[in-house]
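Step one of this worksheet: look at the structure below.
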């Protein structure tokens, strides 16, 4: 190769390296922000739009005090290990669902408190006064806790009508329950009561799924031939309640009935190969199930529902 002087190289258009001192830039340490993800997830279902809302999440110890209370510790630990989750810790999620039918905004359940649900709604671009219908799948505190604002007397969803199962409401109306008295009873004049097969609005149907609570209901969403099930608390954990539907859950009021309903509801979902949203499933709480032995395998949704958009 011919050696060129720097002057010759400049006229020839050849770049020659220059010995330039580059100052060292000091890097500031970035603060750790902690694990997290967006508190909402949205997809199309036919002509409807469905948004799951993370109203809260918390870790807890000793999960077998809640899930699989009738299983042996060895069985519980073995199932946890087979599914790559710890047997001594669990993460719980609280996931209301918003369905936009094109004519109404329908909110299913309201979280532990208004603050968490409103934060998720706001992040998703929705204000509380926009909600037209609030559906209560059942009356446990983590589903009705967001009905009233911070003052405990002002309805969070001022423009909404309310829908719930008649059996569920009748049960809690006759029971001593502070949460019901504070959050639900003041709204009684605005509540419509459903029985099995009752309609919330076009494309949304209530289905009796008693067991977790005396009048617990699930809801089928259908638009343009596409279907989705909102299963509420039919299954409270994606492994311990689905793979072992006969394992008892501390919060199930009628444990044999709850187990039978788990098998019935998820057996139908598996047979129909449709997605479901479970209130306590890992966020964004959307998935499928396939029959596996005496139970079901949870299959989290990936991009299937994105293709509807």
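The numbers here are math on the coordinates, done by the rules we state, and not lab data. Everything quoted here is computed from the prediction, not taken from an experiment. Heads up, the Cβs are rebuilt from the backbone with ideal geometry, glycines too, and the neighbour counts pull from every protein chain shown.
Descriptive notes on the structure:
- Estimated 222 nm signal from helices in the chain, with DSSP H stretches of n ≥ 4 weighted -39500 (n - 2.57), rounded to 500: -6000 deg cm²/dmol
- For the chain, built as a Gaussian network whose Cα springs stay under 10 Å, the top-fluctuating residue of 182, 229, 217: 182
- Candidates 183, 83, 170: whichever shows maximal mean-square fluctuation once the chain is modelled as a Gaussian network with Cα springs under 10 Å: 83
- Label positions at residue 190 and residue 154, each projected 7 Å from the Cα along the C-beta direction, are separated by 1.3 nm.
- Where labels lie 7 Å past Cα in the beta-carbon direction, separation of residue 115 and residue 173 in nm: 3.3 nm
- Per-pair calculated FRET efficiency, R0 = 35 Å: residue 60 and residue 271 via Cβ, rounded to 0.05: 0.60
- Remark: the Cα gyration tensor places the stretch 183-309 in the oblate category, a/c being 1.5 or greater and a/b not exceeding b/c.
- Alpha carbon centroid spacing (whole Å) that separates the stretch 85-148 from the stretch 220-271: 19 Å
- Taking the chain as a Gaussian network of alpha-carbon nodes connected by springs under 10 Å, the highest mean-square fluctuation of the residues 271, 59, 31 belongs to 31.
- Taken along the Cα-to-beta-carbon direction at a fixed 7 Å, the label points for residue 91 and residue 181 span 3.8 nm.
- Helix axis angle, 114-123 relative to the chain longest principal axis, alpha carbon, degrees: 40 degrees
- More than 14 angstrom apart: percent of Cα pairs within the stretch 128-172: 52 percent
- Ranked list, fewest to most other Cβ atoms within 10 Å of each Cβ, for 255, 263: 263, 255
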